[in-house]
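Data first, discussion second: the structure below is written as structure tokens.
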Amino acid sequence: MFKTQAETMEFLQGFMSQLEDTPDDREILLCVPFTDLAVLSKNLHGSRIQVGAQNVHWADSGAFTGEIAAPMLLELSVRYVVIGHSERRQFFGETDETVNLRLKAAQKAGLKPILCVGESKQQRDAGETEAVIFEQLEKGLAEVDQANLVIAYEPIWAIGTGDTCESIEANRVIGLIRSKLTNPNVTIQYGGSVKPENVDEIMAQPEIDGALVGGASLDPKGFARIVNFQ
């Protein structure tokens, strides 16, 4: 929940100027608050940067005050949507069952969902990492098309806490996630305190296809460095 429309425009000016030498095969996606989607979509039309939303409801319309439906996102040329982020699960009652409903609705509408999975510090300390993530995958991906999907592994204990998940461990867990999929070619990202200082090491891992960046994406120069990982 960052950046007004004016701040978003200021961010774009600082960010886009640093993408001139970015390799063509890098996919760049900004998943922004709903109020920023229209201004982003308008100003990024024809550019290489794609636009995503941070959530979507499972119904096309209805009495769901405070929610956003897929047709509303499509009208703004949104192509991706984050679903099941740890903060939605932690603060807003998101469950594996509602995640599944949102995933299926997004795909039906033609959006590409980014499913977030990950364990808490308590669960990791109890040795439950694998069990928790496998259950999130099993329930979340029921009847979901894995040909139109991105998955992000975000260890909750490593988000904004200063604790970092070692890149080798992130690679191990992402490999386990991939082993549970019917489509091994799903793009799987790592999210959890990704910064300019550690992105090169993270992206050098063979199982990690990309990064879901939180706080470090707010600074245009720093985020450009992440996009331009070496």
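Compute the relative contact order of the chain as a whole-number percentage, counting only Cα pairs closer than 8 Å that sit 6 or more residues apart in sequence. Provide the component values of the computation, followed by the final result.
On the way: 372 pairs, mean separation 37.9, N = 230.
The value is 16 percent.
Which of 13, 58, 23 sits closest to the plus end of the dipole of segment 1-70, meaning its Cα is farthest towards the positive end, when Lys and Arg get +1 and Asp and Glu get -1 on the C-beta?
Result: 58.
Taking 31 Å as the cut-off for C-alpha to C-alpha distance, list the pairs among 139/221; 3/139; 108/221; 112/195; 3/104 that go past it. It would help to have the intermediate numbers written out before the result.
Details: 139/221 38 Å; 3/139 33 Å; 108/221 36 Å; 112/195 25 Å; 3/104 29 Å.
Going by Cα-Cα distance, 139/221; 3/139; 108/221 fall outside the 31 Å limit.
Please sort 91-98, 204-211 by packing, taking for each peptide the average over its residues of neighbouring beta carbons within 10 angstrom, highest first.
Result, highest mean Cβ count within 10 Å first: 204-211, 91-98.
Whole-Hz Karplus ³J(HN,Hα) for segment 47-59, in order, using 6.51 cos²θ - 1.76 cosθ + 1.60 and θ = phi - 60°, x for Gly and Pro?
For segment 47-59, the Karplus curve yields 8, 8, 8, 9, 10, x, 9, 9, 5, 7, 7, 8, 9 Hz.
Using modelled backbone amide H atoms (1.01 Å from N, in-plane), which distant-in-sequence or interchain residues come within less than 5 Å of residue 112's amide H?
Excluding prolines and chain starts, which carry no amide H, the hits are 80, 81.
I'm checking a number: the convex hull volume of the Cα atoms of segment 1-69, normalised per residue, in Å³. What is it?
Details: hull volume 7.4 nm³, N = 69.
Output value, Cα hull per residue: 108 Å³.
Express the relative contact order of segment 159-230 as a whole percentage, based on alpha carbon pairs under 8 Å and six or more residues apart in sequence. If you can, show how the numbers build up before the last one.
Details: 84 pairs, mean separation 23.8, N = 72.
Over segment 159-230, the number comes to 33 percent.
Could you pull out every residue, at least 5 positions away or on a different chain, whose amide H is within less than 5 Å of the one on residue 191? Hs are placed 1.01 Å off N in the peptide plane, and Pro or chain starts have none.
Amide H neighbours of residue 191, under 5 Å, 5+ apart: 153, 154, 212.
Using the crude model of +1 on Lys and Arg Cβ and -1 on Asp and Glu Cβ, and no other charge, please compute the dipole size for the chain relative to its Cα centre, in debye to 20.
Working: 20 positive and 33 negative charges, 97 e Å.
Value, rounded to 20: 460 debye.
Could you give each residue of segment 184-190 its phi-based ³J(HN,Hα) in whole Hz, using Karplus coefficients 6.51, -1.76, 1.60 with θ = phi - 60°, and x for Gly or Pro?
For segment 184-190, the Karplus curve yields x, 8, 4, 5, 10, 9, 10 Hz.
Would you calculate a helix-derived [θ] at 222 nm for the chain, using -39,500 (n - 2.57) for each DSSP H run of n ≥ 4 and dividing by the full residue count, to the nearest 500?
Numbers: 10 runs with 91 residues, N = 230.
Mean residue ellipticity, 222 nm, calculated: -11000 deg cm²/dmol.
Among the aspartates and glutamates, which have Cα under 12 Å from the Cα of residue 180 when same-chain residues fewer than 8 positions away are ignored?
130, 135, 138
Any read-out appearing in this document is the output of simple, stated calculations on the displayed coordinates, not a laboratory observation. These figures come from a predicted structure and were not determined experimentally. Here Cβ is always computed from backbone atoms with ideal geometry, including for glycine, and neighbour counts include all displayed protein chains.
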